[in-house]
Every structure is written in structure tokens, then in C-alpha cells.
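To keep things clear, I will list the structure first and then write my remarks on it.
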Amino acid sequence: MNRWIVLPLLCVVAPVAVADNAKSSPFDSPRPAKKPPVTAPAGYTGLGAESMAPEEIAKFAAPALDAQVSRRMQAMLDVRGAGSGAITARGDRMYYTSSVTGTNQVWRQDGPMKFPLQLTGGEDRTGVVGLAPDDSFIAVSRDVGGQENPGLYLMSPDGGALRIVQHTPKVQTSLQFIEDDAKTLYFKANDIDPASYAIYRFDVKAGTKELVFDTPGLWYIADHRGATWLMVKELGNAQSEVFQYELATKKLTPLLGQGESEEYDVAFGARPGQVLVRTNKLGDFQRVYSLENGKLTPITPDIKHDVESFTIDETRTRIYFRINADGYQQLQVVDAKTLKPLALPRLPEAENVVLSGVSRNGRFVQLSVDGATLPSTSVTYDWKTRKATTWRLPMTPEIDTKQFAKATLEFYPARDGTKIPMFVRRPQACAGTGPCPVVVDFHGGPEGQSVAGFSAGAQLFVDAGFIFVQPNVRGSTGYGKAWLHADDGPKRLNVVSDIEDAARFIRANWGRDGKPPRIGVMGGSYGGYSSLMAMTFFAGAYDAGVANVGISNLYTFLMNTAPYRRILRTSEYGDPVKDREALTQLSPITHIGKIKAPLLVIQGVNDPRVPVGEAVQVYRELERRKIPGGLILFADEGHGASKRSNRVLQTGHTVAFFEKHLLGR
């Protein structure tokens, strides 16, 4: 499950004329427009830039920020952790992805602490996705405009022009694996059916591709051993089926999950016929099992925490387990054959330790560590010499991260008595008099989790004088299967009140001198949906809201999201036909008439997950009701801003909005 930054839902900010020396702000009440207000067909259709007129997109571009505000945002965005990459079998060279230029690009580093060389450029997000076993080429993914329809390319380790494998408009092309002889690779693409992934073989020397698997479904290759594959068919974000596939005979044999609604993550083990399986089928928490002769035998201990992921190296020598302990990440390693624990180096100050990569020969393992005041740092450990080496250091220009606020794990009670966990960061002193204002940030997913550790974004709000709160409401990952599935489909009606209960608790308990704090709400993707629900369904609970790439109408969202997404999200939100009544009741747009407080909506036009129409229909209603706030559209972004300049605008306007409406600045 990917953990990407999730952005809040869309709302429209009407540009406001200001004097040259005045602070630019798009957050005042909308004024009468010279042109007709934004219109969209009832129950809009389509997604992406094709669903809106270019002049409408341009009208709602983000206004320029005040220079001092922009400088604050830029300074914090320049704080970057030292990420990991693909390391060669000799451990002498690393290829990695970095956004130091403002957009993700590919870099090469010829040894620890050596000066890196940039290999790719431009404005399109580009990243390393694979390294040939003989280190003869790099596999690279490139996406245009945040559309999430990446192409696959090859490039020489020495740099130079990219060599295309496949990049087709409106098609996702993703590397599956590179054969041991480096002569062949396999990739998946939804070019036959947008709601299905086919598998192709690509001859590296000849540059030709061949279709080898086209059974309908959202397939990916989880692991391979020779011509035998473990294939997973996704039925939902937390539901899957596992098959064994013989490439030579094209025989597909059911292995796990058929006729169930369970989640599986699989890989071949060290013993012949052994399959490693991560699942929560047999209990409330995710564990790793050994599947042999049809029997699941647990490998990891029975603890009240999820094993969030596992990896076995290509040589089948070691198995790595990542345990999610209440939002803190712990890494354990065992011998793949004996299952005896193996020791990793001690890493001081690390609150979180995760596996970020293993060399093809299994010798070099990359560990990413971070903490509340420690930016992400990558350490490469050599199992042969037992030596840990830092390749790159985090960059913190003009920022002392030792002064960052610590994240504390706290809880608030839901109305049914359930304890809801939340991470809280507090400023050293409140801005002004009275209680500290609070910003509550709901994560995306909803199968996601706010975790402890380093966060420059959170610190921006702390520096502005806000208490920054990140709840893990029911539906979040990391707390067991019952917690994860508590909000599936119509069941969300029973737990969506966790959103309001956070504000109730804060207002009742974090006041000063009898005065309750002012509270803002924000989030991206599902967090954007949560923000919209907070401002509409639970109108009055929060004093201001910012929604980024969020869902305003669950039905129109399901009807217009990308076809491959619709299949995955129906199991989470409900069936558009069978659950139509619940979807309507759970849609913020249904309750828009209740809204009382300012609301800002932000959206990427190219978003394939949450269509831009979700934002437009909210803005239309806000404008009609003269609710302060607005809509910001990023014409060159998708599901969240990725380019540095856009991230500055997105974050800057969000902070400025809360400063205006919670602090009165």
C-alpha cells in the first residue's frame, strides 16, 4: 500500500485585486464575478483537463503569495532527507531519485559521500524503478503532469538519452521485474482494457515486446522463480486473490483468496515449494506465514501490531519484516532457512527504521531511519563486512531541526467510548493571547495512517503557532483488521463521527481561562473528503477548513474516477447501485446547505483518482451561498502537488488561510 502525501479537497478561490503593497490573499468572501460563475453539468462527467474549459482552469490558478510567506514555505521545502536508491552488486555505485531540482529526477553517486551526477532532467516526474542484475542499465519511470499514466524507459548507467520501452497516453506502464540474465524484462500495462492489466515481455537488445498474459483483472507479478510466477489479482484496496502461473504452459492455478475478501502479500520462500504469505485472515493483525502443502504456519510472533510489509532478498537468504507499533516503524530480520533472528546495527536517535532496498545479491541492505528531529537518513549495511555506511546526509539549509516539535502519541474518546489515537505536535509558545489554535490534519486512504517521525510540513504549522494534530480514525491501517474495515461501505455511517469527536474533545479540553481554542481542519484525498464532511455534515465543529483533492460526492466520484480506481474503491466506499442511499448520505455535497465556516478547496486538474469535477461542484455551491474561501486549481498537477513551485503555493495558501481565519492575521 503506497503512502503518498495526500492533499485536501477542492474549493475555488476567486482572485481578488489588491494594492501593490498589500498582502495577496485569495481567501476573502467571493465578490460578484464579471463572468458567469463556474458551471458544470449536473452530475458532471469525465476527469482531467479534458473535462474543463482551458479558460476556467486558468481563472483559478493559485495567486502569488506574499514574499515573506513564500520564503517561509521555500525554506522548509528545502529540508530534505537523504533517500535510498538502487545499489550495485559491488556496492560501489547507487542510482537514486531526488527532487532537489524541484521535480523528481534520477541521480547517480559513485561511492559514499561522493558528489552526485544528475542523469535525467525536465519538469516531468522521473524515478528509478529497477537496476539490471549485471548493472548494465537502469529502468526508469516517467509521468507527465501528475496524470499517473507513467511510461517505462531504459538508460545507460553513464547517462544519455532515455530509451523508450512503452509510454502511451492514458495508459499505465509499470516494470514488473528484470530477468537474471538482464536480456529480458516484463512490464504490465492497461493498454488493452483501462480496467485491466496485461503482462508483456520486452527484449532488451531487440527492443521488441510480446504479450504474454491478458487474462482480465488488476494483476501484478508479486514474485518469480524461473518461469513460475506468483501473481496477485486485486479485488479492492485490501482484497486480493493469489495464483501460481506457469509461463511455459500458460497455466493459472488458484492458490489463495478465491471466494474470500481477504488481503494477501506473497513471495517465494527459501525452500522448494514454500510461499511466504502476509495476511490477517487468521487473526486481527497482519502476520507472515509459511505456506507449504496447503497449510499456513506462522513465522512472525503473535503480537498486537501489524506486520506492515515483508521482503525476502533475491538470493532467498534473509527475510525482513516491518512492524507497525502504534505508528512507529520497527525492522526485524531473520535467516530465511532457519528463521533465527539476525542483528542489525544500532542506529541512535532513530524512532523509525525501515527497509528501503536490497542489492540483487543480497549483500547490501539500505535502511531508512528518521525521528521527530532527525530527517530521513539512509544507511547502507554490508552483511559481509558488518559495516554500516552513510552515503548521503540530509539537507537542512538555514533550519535547525533539533528545534522541531516532538510528536506525542495521545488519544481522544469517540462518542461510543472507543479510544482514537492521534499524534500531536505543540509549539513552544502560542501565538497571541488565549489558547493555542489547533489544526487537525486527517490522512488519506482511508487505508492509510499518520505516523510518528520527521515532518517538515507539520513543523510549518507549529512554527505558525498552531497545535498540529493527526488522528488515526477508524478505517486507518496499523490497528488490526477490525479497525481497518470498520468504515467499509455503509458501515462508515457508524464511525464517520470520529471526525467531529476530535473537535469536541479539543474544544472541551484544550482551552485556557475558560475559552476554547479555535480549530481548523485539513487533509488530502480521503483526508480532503474528511475535511469536507467536517465542514458540512458536522458543520460548526470546526472554524475553518482546507480540503485538497478530496471527494465531494461519493457517487459522482465512483462514476468518473479512472476505471482501474473504480474497481479498487467500490469495496471501500460501497456499490453505486446497491449502496446508493448510503453514498448519498455520506457525501459532503448532500449537506452543503449546513456549512457555516470558511472553506478553501485545492485540486490538481490532471488527477486520475479524484476528478476535478468534485472540486467544481463544491465551489459552485460555496459561491452561491457566499461562503468565504475559494478554489485553487493546479493545471499541471494530479493527485497532489509535486513540483516545488506548486508545493510552495499549495502549502503557503493553506497556512495563510488558517492564519487569517483562526488567528485573525
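Please treat every number below as a calculation from the coordinates, not as lab data. What you see is a predicted model, and the numbers here were worked out from it, not measured in a lab. When we count neighbours, we look across all protein chains shown, and the Cβ atoms used for this are built from the backbone with ideal geometry, even at glycine.
Quick one: dipole size for the chain, taken about the Cα centre, charges +1 on Lys/Arg Cβ and -1 on Asp/Glu Cβ, in debye to the nearest 20.
900
In debye to the nearest 20, how big a dipole does the range 170-266 give about its Cα centre with +1 on each Lys and Arg Cβ and -1 on each Asp and Glu Cβ?
Using only the charged Cβ atoms, the result is roughly 400 debye.
Please report, in Å, the Rg and the Dmax of the range 139-207, where both are computed over Cα atoms only.
Gyration radius and largest Cα-Cα distance of the range 139-207: 12.2, 37 Å.
Considering only Phe411, Gly434, Gln239, whose Cα is most displaced toward the positive end of the charge dipole of the chain, charges sitting on Cβ of Lys, Arg (+1) and Asp, Glu (-1)?
Working it through, the farthest residue towards the positive pole turns out to be Gly434.
Using DSSP to call loops (not H, G, I, E or B), can you name the chymotrypsin sites (Phe, Trp or Tyr not before Pro) in the range 568-665 whose Cβ has at most 10 other Cβ atoms within 10 angstrom?
For chymotrypsin sites (Phe, Trp or Tyr not before Pro) across the range 568-665 that sit outside H, G, I, E and B with at most 10 neighbouring Cβ atoms in 10 Å, the list is empty.
In whole Å, what three semi-axes, largest first, describe the equivalent ellipsoid of the range 230-334 built from its Cα gyration tensor (square root of 5 times each eigenvalue)?
23, 17, 12
Over 20 Å between Cα atoms: which of Lys515/Lys626; Lys114/Lys643; Lys419/Lys578; Lys209/Lys250 fall into that group?
Pairs exceeding the cut-off: Lys515/Lys626; Lys114/Lys643; Lys419/Lys578.
Can you work out the base-10 log of I(q)/I(0) for the range 327-433 at q = 0.16, 0.20 1/Å, using the Debye formula on its C-alpha atoms alone?
Log10 I(q)/I(0), no solvent term: -0.88, -1.10.
Given H placed on each backbone N at 1.01 Å, which residues far from Tyr289 in sequence or on other chains put an amide H within less than 5 Å of it?
Val277, Arg278, Thr279, Ile299
Take the Cα pairs of the range 546-665, get the Kirkwood Rh, then feed it into Stokes-Einstein at 4 °C and 1.567 mPa s and tell me D in µm²/s.
85
Could you sort 468-476, 166-174 so that the peptide with the highest average Cβ count within 10 Å comes first and the rest follow in order?
My ranking of the peptides, most packed first, is 468-476, 166-174.
Using label points projected 7 Å from each Cα along Cα→Cβ, tell me how many nm separate Gln330 and Arg624, to one decimal.
5.4
Short version: ³J(HN,Hα) in whole Hz for each residue of the range 204-216, in order, from phi by Karplus 6.51 cos²θ - 1.76 cosθ + 1.60 (θ = phi - 60°), x for Gly and Pro, what are they?
My calculation for the range 204-216 gives 4, 6, 7, x, 10, 10, 9, 6, 10, 7, 9, 4, x Hz in order.
Give, in whole angstrom and from largest to smallest, the semi-axes √(5λ) of the equivalent ellipsoid of the range 225-281, with λ running over the eigenvalues of the Cα gyration tensor.
20, 14, 8
Would you pull out the residues with amide H under 5 Å of Lys406's amide H, same chain only if 5 or more places away, H placed 1.01 Å from N?
When sequence neighbours closer than 5 places are left aside, the close amide H contacts are Arg426.
If you rank Thr385, Thr317 by fewest surrounding Cβ atoms within 10 Å, what's the result?
Thr385, Thr317
Taking the Cα of Ala388, stepping 7 Å toward and past its beta carbon, and measuring to each backbone N in the range 89-120: which are under 11 Å?
No residue passes the distance filter.
What is the order of Glu623, Glu179, Glu50, fewest Cβ neighbours within 10 Å to most?
If I rank by nearby Cβ atoms, fewest first, I get Glu50, Glu179, Glu623.
Treating the Cα atoms of the range 285-378 as identical point scatterers in vacuum, please give the log10 of the normalised Debye intensity I(q)/I(0) at q = 0.14, 0.15, 0.16, 0.21 Å⁻¹, two decimals.
One equal scatterer on each Cα of the range 285-378 leads to -0.54, -0.62, -0.70, -1.13.
With axes computed from alpha carbons, what is the tilt in degrees of helix 498-509 against the longest principal axis of the chain, rounded to the nearest 10 within 0 to 90?
60
For the range 428-541, give the share of DSSP beta bridges that are antiparallel, in percent and rounded to the nearest 5; count only bridges with both residues there.
10
Given only helices, namely DSSP H runs of n ≥ 4 each adding -39500 (n - 2.57), what is the per-residue ellipticity at 222 nm of the chain, to the nearest 500 deg cm²/dmol?
-4500 deg cm²/dmol
What whole number of Å gives the distance from the Cα centroid of the range 313-355 to the Cα centroid of the range 584-633?
That distance is 43 Å.
Return the Cα extents of the range 73-164 along principal axes one, two and three, sorted largest first, each rounded to a whole Å.
Extents along the principal axes, in whole Å: 41, 32, 18.
So who's got an amide H within less than 5 Å of the one on Glu308, skipping anything under 5 residues away but keeping other chains? H placed 1.01 Å off N, in plane.
Those qualifying (amide H under 5 Å, at least 5 residues apart or on another chain) are Arg322, Ile323, Asn324.
If you wrap a convex hull around the Cα atoms of the range 272-331, how much volume per residue is inside, in Å³?
Hull volume normalised by residue count: 77 Å³.
Report ³J(HN,Hα) in whole Hz for each residue of the range 47-56, in order, from the Karplus equation J = 6.51 cos²θ - 1.76 cosθ + 1.60 where θ = phi - 60°; Gly and Pro get x.
With coefficients 6.51, -1.76 and 1.60, one gets 8, x, 4, 5, 8, 9, 6, x, 5, 6 Hz.
List the trypsin sites (Lys or Arg not before Pro) in the range 412-466 that DSSP assigns to loop (not H, G, I, E or B) and whose Cβ has at most 15 other Cβ atoms within 10 Å. Which are they?
Arg415
Give the average over all directions of the projected area of the C-alpha convex hull of the range 396-550, one decimal, in nm².
9.6
What order, most packed first, do the peptides 238-246, 115-123, 533-541, 144-152 have when packing is the mean number of other Cβ atoms within 10 Å of each residue?
533-541, 144-152, 238-246, 115-123
Would you list which lysines come within 23 Å of Lys281, measuring only between C-alpha atoms, while excluding same-chain residues fewer than 8 positions from it?
Within reach: Lys233, Lys295, Lys304, Lys481, Lys491.
So what is Rg over Rh here for the range 312-363, counting just Cα atoms and using Kirkwood for Rh?
0.98
Got a sec to turn the phi values of the range 486-496 into Karplus ³J(HN,Hα) couplings, 6.51 cos²θ - 1.76 cosθ + 1.60 with θ = phi - 60°, whole Hz, x for Gly and Pro?
With coefficients 6.51, -1.76 and 1.60, one gets 5, 10, 5, x, x, 4, 4, 4, 7, 10, 4 Hz.
What size of dipole, in debye to the nearest 20, comes out for the range 340-495 about its Cα centre when the only charges are +1 on Lys and Arg C-beta atoms and -1 on Asp and Glu C-beta atoms?
The dipole of the range 340-495 has a size of about 720 debye.
Send over the per residue convex hull volume for the chain, Cα only, as a whole number of Å³.
Once divided by residue count, the hull of the chain is 157 Å³.
Would you mind ranking Glu410, Glu447 by Cβ crowding within 10 Å, fewest neighbours first?
Fewest to most other Cβ atoms nearby, the residues stand as Glu410, Glu447.
Express in nm, to one decimal, how much length is gained between Thr253 and Thr338 on full extension, taking 0.36 nm for each residue of separation and deducting their alpha carbon distance.
Difference between extended and current length: 27.7 nm.
Charges on Cβ only, +1 for Lys and Arg, -1 for Asp and Glu, centred on the Cα centroid of the chain; of Ile87, Ala452, Gly257, which one is farthest towards the dipole's positive end?
Checked the options; the winner is Ala452.
Which distance in nm do the two modelled labels at Arg163 and Lys419 give, with both placed 7 Å along the Cα-to-Cβ direction?
5.8
Please give the contour-minus-distance gain from Arg512 to Asp134: 0.36 nm per residue of separation, less the Cα-Cα distance, rounded to one decimal in nm.
129.7 nm
Over the Cα atoms of the range 84-135, what radius of gyration and what Dmax do you get, in Å?
So, for the range 84-135, Rg and Dmax equal 11.0, 32 Å respectively.
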